[in-house]
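To keep things clear, I will list the structure first and then write my remarks on it.
The values are calculated or read from the model by the stated rules, or taken from the named source; none is laboratory data. What you are looking at is a predicted structure, and each value in this text was computed from that prediction instead of being measured. A quick note on method: Cβ atoms are made from the backbone with ideal geometry, for glycine too, and the neighbour counts reach across all protein chains shown. Note: accessible area is taken over every heavy atom of the protein model, side chains too, but ligands, DNA and RNA are not part of it. Shrake-Rupley method; radii C 1.70, N 1.55, O 1.52, S 1.80 Å.
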Amino acid sequence: MICILGDIHFNASKDYFRAICEAFLEWFNNWELNHPSNTLILAGDLVQDSVNGGVVIRYLERFFQSSRFKEVHIVVGNHDLKKVHNISQLAYDFYKDKPNFYVYEEASEVLLDNK
C-alpha cells in the first residue's frame with residue numbers, strides 16, 4: 001500500500017506548536033499503516049522553516065526513526081528549501097544518503113510498488 005502525508009510543518013516556535021508536534025509524532029508511531037509492507041510519500045512541507053534549531057531537527061529525527069515503512073519518498077515543499085545567505089538550505093538534507101529514503105527536489109516520475 002502507498003500512503004501519503006503532507007504539510008506536517010514541524011515547528012518549535014510556540015508552546016502549542018510543540019504540543020501539536022508531540023501529538024503528531026505519537027500518532028505516527030502508533031499509526032496502523034506505518035508498516036514494513038507499505039511505502040510512504042511525504043508531499044512536502046515537513047518543516048515550517050528550512051533552517052531550523054535543534055528541537056525541530058529532533059522532531060525530524062524522531063519522525064524518521066519511528067518510520068517502519070519499507071521506503072519513504074519525500075517531495076520537497078516550499079517551506080523545506082530556502083536560500084540563506086545565497087546558499088540553498090534543505091531542512092532534512094541529511095536524509096538524502098539514508099537507505100530507503102528518497103528526496104525529490106524536482107518533478108520526477110517514479111515507479112513505486114510496481115505502479
Which pairs do you get when a residue that is in contact (Cβ under 8 Å) with a residue 12 or more places away in the chain, found in the stretch 91-115, comes within reach of a residue that is open to solvent by 80 Å² or more (accessible area, probe 1.4 Å) and among the hydroxyl-bearing types (Ser, Thr, Tyr), reach meaning Cβ atoms under 9 angstrom, with the pair 6+ apart or on two chains?
-> VAL110/TYR102
Hits in the stretch 36-54 - residues which are over 12 Å from ILE8 (Cα atoms) and in contact with a strand residue (DSSP E or B) (Cβ under 9 Å, 6 or more places away or on another chain) = ASN38, THR39, LEU40, ILE41, SER50, VAL51, ASN52
Positions within the stretch 42-60 being more than 9 Å from the chain's Cα centre (by Cα) and modelled with pLDDT of 90 or more, in sequence order | ARG58, TYR59
Filter result for ILE20 (assigned to a helix (DSSP H, G or I) and either out of contact with any strand residue (DSSP E or B) (no Cβ under 8 Å at 6 or more places or on another chain) or surrounded by fewer than 13 Cβ atoms within 10 Å (Cβ to Cβ) (or both)) | yes
Residues in the stretch 73-91 that are surrounded by 15 or more Cβ atoms within 10 Å (Cβ to Cβ), in a strand (DSSP E or B) and not β-branched (Val, Ile, Thr): how many?
-> 4
